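A short write-up of the structure that comes next.
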Amino acid sequence: MNKRYADDMPPAEAMSAREDVAVQVRDARKALRLTQQNLADMTGTKKSNISRMESGRYNPSLDFLVKIASSLGKELTVRIR
């Protein structure tokens with residue numbers, strides 16, 4: 001099996017982006033007074049996926065992030081700088 005990264009760890013930039021997304025999702029969810037289970041139900045996923053994403057341990061697909069944003073009444077914007 002091919003490893004995605006040489007040392008099996010994503011580069012710091014990827015971890016920073018994951019953490020940034022995690023904080024934004026968690027803050028938006030809490031602002032709406034939703035539990036992780038509520039958000040999971042709204043997006044058709046498991047609570048564990050929401051928990052892993054909010055902790056930065058999950059690398060969500062772009063489609064999944066769009067679904068999360070929509071469920072939170074938000075719009076997903078991606079910038080490459």
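The values are calculated or read from the model by the stated rules, or taken from the named source; none is laboratory data. Just so it is clear, the model here is predicted, and its values are computed rather than measured. In this analysis, Cβ positions are derived from the backbone assuming ideal geometry, glycine residues included, and neighbour counts consider all displayed protein chains.
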Worksheet item: Which residues, taken from the range 51-75, are more than 19 Å from Asn38 (Cβ to Cβ) and either among the hydrophobic types (A, V, I, L, M, F, W, C) or assigned to a loop (DSSP other than H, G, I, E, B) (or both)?
Response: Gly56, Arg57, Asn59, Ser61, Leu62, Glu75
Practice prompt. Would you tally the residues in the range 1-39 being modelled with pLDDT under 70, of a type outside the set (Phe, Trp, Tyr) and either loosely packed, with under 11 Cβ neighbours inside 10 Å or assigned to a loop (DSSP other than H, G, I, E, B) (or both)?
Written response: 12
Item to complete: Check Ile80 against each of (1) under 12 Å from the mean Cα position of the chain (by Cα); (2) on the phi < 0 side of the Ramachandran plot and name the one condition it does not meet.
Response: (1)
Worksheet item: In the range 15-67, how many are on the phi > 0 side of the Ramachandran plot and touching a residue at least 12 places away in the same chain (Cβ under 8 Å)?
Response: 2
